Amino acid sequence: MDRRSLLAIGAGAVAGPLIAATSHAAGPHCRLLRPGDPGYAAEVAPFDLAQIPAPGLVVAAETATDVRYAVRLASRRGAPIAVLATGHQPSVPIGPDAILVSTRALRGVTVDARRRVARVEAGVRWQEVVDRAAAYGLAPLSGSSGTVGVVGYTLGGGLSPTLGRRFGYAADHVRAIDVVTADGCLTTVTPDADPGLFFGLRGGKSNFGLVTAIEFALFPVTGFYGGALYYDGAHARTVLHAYRKWIRTVPDAMSSSVALQNLPDAGNVPAPLRGRPTVAVRIAWTGSPAEGVALVRPLRAIAPPVLDAVSDQPYTAFGAIHADPVTPVPAVERTALLGELTADTVDALLATAGPGTGSPIAVTEIRHLGGALACPPRHPNAVAQRDAAFTLFMVGMAGPDQAAAVRSAEAAVIDRLRPWCTGGLFPNFLSIADTDPDVVRRAYPPEVYRRLRLLKRRVDPGNLFRLNHNIPPA
C-alpha cells in the first residue's frame, strides 16, 4: 500500500476495518504495524504483563509529527486512540478497533543547568533524566523506579518517594507541555498559554491529548541518606507501631514508607528476604548525612534488621530504595488513601495482610505523605487529595491463575481499612480494577472533576482519548 492510498484511508475515503489502514512506511519517520508484522509485539509489549494491548494498528512514532498523524488518522476513522511509553499502568483493554501510539522512540533529553530545567520527550524513562541531571548536581522529582516513563508519571501527579515531602508533586513543577489534541494540532501549553488545558493535563493523565514533551524544574540535590531497613516478619507488629510514632517526629525533608513483604524464593531477591515474610522501612533523607543517621537511629533500635541497606548514596541510586522489579511482570494492584495511621489501623492491616495470614499480596505499603505534598502549587493543577496523610498500595505478582486470589485479598484489606480511608484515590495508582467512571471520579474533588469534564468537552468532545482511566466530556 502506497502513501497516497494510506492517506485516503485516513481521510475516510475507503470503508473497511481499521486494520486495513496499515503500512510499513507512513512517511519519513514512523512505521505503521498490524498484528503479525515484524516489530508489532515489541511495540505493544508493556512492563505490566497483566494486560497486553492488542490494537488493530500501532503507530511507532519517532517525532511529534508522527503523533499528529496518528491522532488525525484516529479522528478521521472514528477510532479510539491510546498511548504507550513503558506500560507500567494498564487500564482498559486495547483491542482491534483501536490505534496505539508507541512513543518509545521519542527519547530526547535536554538539561538547562543554568535555569535548572529539563525538557524530556514522551518515551524517556526516569533513570535517563536522573543520570543526565546528576552531571550538573541537579535532581528531578522522580518516582520509585528508573524504568517508569517520565511523562505518564508526571501527568498522573508524580509522587516522589525521595523528594515529594520536601518539594511537592512532580506535576507542581512542570513549566510547559507539548501536546497533540484531538484536532491533530500540536501546541505548547503553559501557565499563560491555555491555562485551562495546563491545569487539566497535570493530574488528568492522557484524557486531553497525547503529550510529546514536557519541561519541568530540577532541584540542587546530589544525594540522599537512605535505602531500606528490612526486619523479619516476626517483628511486624513492633515495626509498624514504631514507624507510625516515628513519622510524627521527622521533618519534611524525610520521605518514608513501611511495607509488609512476601517476596518469592527467587534468585533476583536478596538472600535474607527470599521466601519469608519481612517488613521494610524505606527511607530518603536529603539533609546532611549526619542528621540522617540521627533520625534513623530509633528505627535501627526497633529490632535487629535482617538487612540494613540504608547509607549515604548518590541520587542516581534512587531506585535502590524501593528495589522495584526491573524486568516486566504481571501485577495485580489496588490502592487507597488514608486520613490517619492509628494503632487500630496498624492492627487491622496486620490482621488482613500481616505474617501468618497467608496473604498472596507481595507488597503492602503505607507511604507517608504531608509536607509539601499537602501544599497547593503555584500554578493550580488537577492533582487533588492533598489532605490525605498516607497512601495504601498493594501489589501481587500474579499470572492468570493467581490473579483472582490476589484481587480478593486486596479487596479484603481495603474493606478492613475502610474506617481510615478518605474515599479518594490517586491517579498514578489507579489500576485495571479502577476504570469505572464512578471510581475514576473519586480521584478528584467534585469541583475539580466538573472542571475536567468541561475541559474534555472543549478539547475532546468525541472522547477520542478514552482508552485510559477516562474522564468523559460533560
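The values are calculated or read from the model by the stated rules, or taken from the named source; none is laboratory data. Everything numeric in this text was worked out from a predicted model, so none of it was measured. Cβ placement follows ideal geometry from the backbone for every residue including glycine, while neighbour counts extend to all protein chains displayed. Note: areas computed on protein heavy atoms with side chains; ligands, DNA, RNA excluded. Shrake-Rupley method; radii C 1.70, N 1.55, O 1.52, S 1.80 Å.
State the percentage of accessible surface on the chain attributable to carbon and sulfur atoms; use a 1.4 Å probe and exclude ligands, DNA and RNA.
Values: 9740 of 18090 Å².
The computed percentage sits at 54.
Sorted by packing (mean other beta-carbon atoms within 10 Å per residue), highest first, where do 383-391, 157-165, 33-41, 444-452 land?
On the way: 383-391: 21.0, 157-165: 26.0, 33-41: 15.1, 444-452: 17.0.
Result, highest mean Cβ count within 10 Å first: 157-165, 383-391, 444-452, 33-41.
For region 342-474, rounded, prolate or oblate, judged on the Cα gyration tensor with a ≥ b ≥ c (square roots of eigenvalues), a/c < 1.5 rounded, else prolate if a/b > b/c? Intermediate values should be presented prior to the final figure.
Values: a/c = 2.78, a/b = 1.51, b/c = 1.84.
Cα axes put region 342-474 in the oblate bin.
Taking amide hydrogens as modeled 1.01 Å from N in the peptide plane, which residues meet the under 5 Å criterion relative to residue 83, leaving out close sequence neighbours?
101
Give, rounded to the nearest 20 debye, the magnitude of the charge dipole that the chain has about its Cα centre when Lys and Arg contribute +1 at Cβ and Asp and Glu contribute -1 at Cβ. Intermediate values should be presented prior to the final figure.
Working: 46 positive and 38 negative charges, 163 e Å.
Dipole size: approximately 780 debye.
Enter the accessible area of residue 249 (Å², nearest 10), with the probe set to 1.4 Å and all protein chains included.
About 100 Å², rounded to the nearest 10.
Each residue of region 249-258 in turn: what ³J(HN,Hα) in whole Hz from Karplus with 6.51, -1.76, 1.60 and θ = phi - 60°, glycine and Pro shown as x?
9, 9, x, 5, 6, 9, 9, 7, 7, 10
Where the convex hull is taken over the Cα atoms of region 250-381, what is its projected area averaged over directions, in nm²?
Values: hull surface 41.9 nm².
The orientation-averaged projected area of the Cα hull of region 250-381 comes to 10.5 nm².
So how do 91-97, 397-403, 166-172, 146-152 stack up, highest first, on mean other-Cβ count within 10 Å? Don't skip to the end; give the middle numbers.
Values: 91-97: 16.6, 397-403: 14.0, 166-172: 25.6, 146-152: 23.3.
Sorting 91-97, 397-403, 166-172, 146-152 by mean packing, highest first, produces 166-172, 146-152, 91-97, 397-403.
Between residue 42 and residue 193, what FRET efficiency comes out of the Förster formula 1/(1 + (r/R0)^6) with R0 = 41 Å and r the beta carbon distance, rounded to 0.05? If you can, show how the numbers build up before the last one.
Values: r = 36 Å, r/R0 = 0.88.
Between residue 193 and residue 42 the formula returns 0.70.
Sequence-distant or interchain residues sharing an amide H contact under 5 Å with residue 276, placed H: which?
263
Near the amide H of residue 208, under 5 Å away, which other amide H atoms are found, from residues 5 or more places off or on another chain, if H is placed in the peptide plane?
none
With all pairs of different alpha carbon atoms counted, what Kirkwood hydrodynamic radius in Å does region 98-174 show? It would help to have the intermediate numbers written out before the result.
Details: mean 1/r = 0.0783 Å⁻¹.
Radius from the Kirkwood sum: 12.8 Å.
Per Stokes-Einstein, at 25 °C and 0.890 mPa s, what whole-number D in µm² s⁻¹ belongs to the chain, with the Kirkwood radius over Cα pairs as the hydrodynamic radius? It would help to have the intermediate numbers written out before the result.
Values: Rh = 22.9 Å.
For the chosen part, D equals 107 µm²/s.
Which whole-Hz couplings ³J(HN,Hα) result when phi for each residue of region 32-44 is put into the Karplus expression 6.51 cos²θ - 1.76 cosθ + 1.60, θ = phi - 60°, listed in order with x for Gly and Pro?
10, 10, 10, x, x, 6, x, x, 4, 4, 5, 6, 8
Quick one: what are the phi-derived ³J(HN,Hα) couplings along region 51-58, Karplus 6.51/-1.76/1.60 with θ = phi - 60°, whole Hz, x for glycine and proline?
Values, residue by residue: 8, 9, x, 9, x, x, 8, 10 Hz.
Using the beta-carbon distance between residue 76 and residue 438 and R0 = 51 Å, what value does 1/(1 + (r/R0)^6) give for FRET efficiency, to the nearest 0.05? Could the numbers behind the result be given before it?
Numbers: r = 32 Å, r/R0 = 0.63.
Efficiency computed from Cβ-Cβ geometry: 0.95.
Obtain the nm distance between the two label points defined at residue 294 and residue 418 by a simple spin-label model: each point lies 7 Å from its Cα along the Cα-to-C-beta direction.
4.6 nm
When only alpha-carbon atoms are used, what values of Rg and Dmax, in angstrom, describe region 239-315?
Using the Cα atoms of region 239-315, the pair Rg, Dmax is 13.4, 37 Å.
For region 235-276, I need the span (max minus min coordinate) of the C-alpha atoms along each principal axis, in Å, sorted largest to smallest.
Between the extreme Cα coordinates on each principal axis of region 235-276 lie 37, 23, 12 Å.
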